[in-house]
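> Please find one structure pasted underneath; my questions will follow.
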Amino acid sequence: LADPGFRTDSAVRVAKLEKLSHDVMRVTLQLPANDTVQFHAGQYIDILLKDGKRRSFSIANPPHDAATIELHVRHVAGGLFTEQVFGRMKVRDILRFNGPHGSFYLRESNKPMILLAGGTGFAPIKSIVLETLHLELQRPMHIYWGARDRAGLYQFEVAEAWAAQYPHIKFVPVLSEPETTPGWTGRCGLVHEAVLADFPDLS
């Protein structure tokens, strides 16, 4: 698939700020009226900062629902942009972005998919899964999502609901520090090692 382009810098307005956990914010950006961003499920945009620097964030919403752009932003202490998001940013603020970018996106195929995410790497996975559901694709999907603790799986219920509703979707959460989550009975260790344990032959 060709890159859809849309490389020009664009202005968007902050439509909603919602904490998904103590250190993850869902930032919803509203595009100008009658404007959309063409992108592939899994791609990202660059937020342009005043000093010429940029910060990259994956688009969490699917391409078929692109009137707004959903980003999952983790708070990084001292972070140039994330301190703004968690401290000073308000609804109706204006941001500039450039994109879409990236070659990590959904390709047409009948092959099963392993979708591997760590932390806020769940954002592009969410976009891909929602797009496959919209297209009514039946490709088997194995979603592996790793975090230090249960709170790090900030949309656990979303992934769990997919697996409960759709037989072709499997969800495997993995905690690297399970001792911080009392009562955890799921997988433990590093998420990529869980994938290799389940799929030693990736052919």
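The values are calculated or read from the model by the stated rules, or taken from the named source; none is laboratory data. Since the structure is predicted, the reported quantities are computational estimates derived from the model, not experimental observations. Cβ atoms come from the backbone with ideal geometry, glycine included; neighbour counts cover every protein chain shown. Keep in mind that these areas ignore ligands, DNA and RNA; they rest on the heavy atoms of the full protein, side chains included. Shrake-Rupley method; radii C 1.70, N 1.55, O 1.52, S 1.80 Å.
> Can you tell me which of (1) at pLDDT 95 or above; (2) under 28 Å from G118 (Cβ atoms); (3) not in a strand (DSSP E or B) is the one H72 doesn't meet?
Evaluating H72 over (1) at pLDDT 95 or above; (2) under 28 Å from G118 (Cβ atoms); (3) not in a strand (DSSP E or B) leaves (3) as the failure.
> Condition first: under 22 Å from E108 (Cα atoms) and not hydrophobic (A, V, I, L, M, F, W, C). Now tell me which residues in the stretch 26-63 satisfy that.
The answer is Q38, H40, G42, Q43, Y44, S58, N61, P62, P63.
> What is the one condition in (1) surrounded by 14 or more Cβ atoms within 10 Å (Cβ to Cβ); (2) at positive phi that R54 does not satisfy?
R54 satisfies all of (1) surrounded by 14 or more Cβ atoms within 10 Å (Cβ to Cβ); (2) at positive phi except (2).
> Among the numbered criteria (1) among the aromatic types (F, W, Y); (2) within 30 Å of D46 (Cα to Cα); (3) surrounded by fewer than 15 Cβ atoms within 10 Å (Cβ to Cβ), which single criterion is violated by Y166?
Going through the list (1) among the aromatic types (F, W, Y); (2) within 30 Å of D46 (Cα to Cα); (3) surrounded by fewer than 15 Cβ atoms within 10 Å (Cβ to Cβ), Y166 breaks only (2).
> I'm checking my understanding of the structure. Among residues of the stretch 136-159 that are free of Cβ contacts under 8 Å to residues at least 12 places away in the same chain and loosely packed, with under 15 Cβ neighbours inside 10 Å, which one is nearest to the chain's Cα centre (by Cα)? Give the derivation first.
If we filter the stretch 136-159 for residues that are free of Cβ contacts under 8 Å to residues at least 12 places away in the same chain, which is where we start, we get 136-137, 157.
If we keep only those that are loosely packed, with under 15 Cβ neighbours inside 10 Å as well, we get 136, 157.
On the way: E136: 20, E157: 15 Å.
Result: E157.
> Among the residues that make up the stretch 92-99, is at least one of them under 13 Å from I47 (Cα atoms), of a type in the set (G, A, S) and either at pLDDT 95 or above or touching a Lys or Arg at 6+ places or on another chain (Cβ under 9 Å) (or both)?
Yes, some residue in the stretch 92-99 is under 13 Å from I47 (Cα atoms), of a type in the set (G, A, S) and either at pLDDT 95 or above or touching a Lys or Arg at 6+ places or on another chain (Cβ under 9 Å) (or both).
> Tell me yes or no: at least one residue of the stretch 148-156 is aliphatic (A, V, I, L, M) and not in a strand (DSSP E or B). It would help to see each step written out before you state the result.
Looking only at the stretch 148-156, we keep the residues that are aliphatic (A, V, I, L, M), and these are 151, 153.
This time we only want the ones that are not in a strand (DSSP E or B), so: 151, 153.
Within the stretch 148-156, one or more residues are aliphatic (A, V, I, L, M) and not in a strand (DSSP E or B).
> For the stretch 87-98, indicate whether the set of residues that are touching a His at 6+ places or on another chain (Cβ under 8 Å) and surrounded by 15 or more Cβ atoms within 10 Å (Cβ to Cβ) is non-empty.
In the first step, residues of the stretch 87-98 are kept if they are touching a His at 6+ places or on another chain (Cβ under 8 Å); the result is none.
Checked the stretch 87-98: no residue is touching a His at 6+ places or on another chain (Cβ under 8 Å) and surrounded by 15 or more Cβ atoms within 10 Å (Cβ to Cβ).
> Right, next: Anything in the stretch 162-188 that is under 12 Å from A147 (Cα atoms), of a type in the set (S, T, Y) and not in a helix (DSSP H, G or I)? List them, or say none.
Those that are under 12 Å from A147 (Cα atoms), of a type in the set (S, T, Y) and not in a helix (DSSP H, G or I): S176, T181.
> If you take the residues in the stretch 189-202 that are assigned to a loop (DSSP other than H, G, I, E, B) and under 21 Å from M113 (Cβ atoms), which one is nearest to the chain's Cα centre (by Cα)? Give the derivation first.
Pass one, the stretch 189-202, residues assigned to a loop (DSSP other than H, G, I, E, B): 189-190, 199-202.
From what's left, under 21 Å from M113 (Cβ atoms): 190, 199-202.
Working: L190: 19, F199: 23, P200: 26, D201: 27, L202: 24 Å.
Per the stated criteria, the residue is L190.
> Answer yes if at least one residue in the stretch 111-123 is within 30 Å of L202 (Cα to Cα), more than 17 Å from the chain's Cα centre (by Cα) and open to solvent by 70 Å² or more (accessible area, probe 1.4 Å), and no otherwise. So that I can check it myself, show each step before the final result.
Taking the stretch 111-123 and keeping what is within 30 Å of L202 (Cα to Cα), we get 111-123.
Imposing the further condition that a residue be more than 17 Å from the chain's Cα centre (by Cα) reduces the set to 111-112.
Still in the running and open to solvent by 70 Å² or more (accessible area, probe 1.4 Å): 111-112.
Among the residues of the stretch 111-123, at least one is within 30 Å of L202 (Cα to Cα), more than 17 Å from the chain's Cα centre (by Cα) and open to solvent by 70 Å² or more (accessible area, probe 1.4 Å), which makes the answer yes.
> Quick check on my filter: what residues within the stretch 24-67 are of a type in the set (S, T, N, Q) and over 25 Å from G118 (Cβ atoms)? I'd like the intermediate steps shown before the answer.
Kept after step one, since they are of a type in the set (S, T, N, Q), are these residues of the stretch 24-67: 28, 30, 34, 36, 38, 43, 56, 58, 61.
Of everything in the stretch 24-67, those that are of a type in the set (S, T, N, Q) and over 25 Å from G118 (Cβ atoms) turn out to be Q30, N34, T36, Q38.
> Does H72 satisfy the criteria of being open to solvent by less than 70 Å² (accessible area, probe 1.4 Å) and under 20 Å from the mean Cα position of the chain (by Cα)? So that I can check it myself, show each step before the final result.
Details: open to solvent by less than 70 Å² (accessible area, probe 1.4 Å): yes; under 20 Å from the mean Cα position of the chain (by Cα): yes.
When the stated conditions are applied, H72 passes them.
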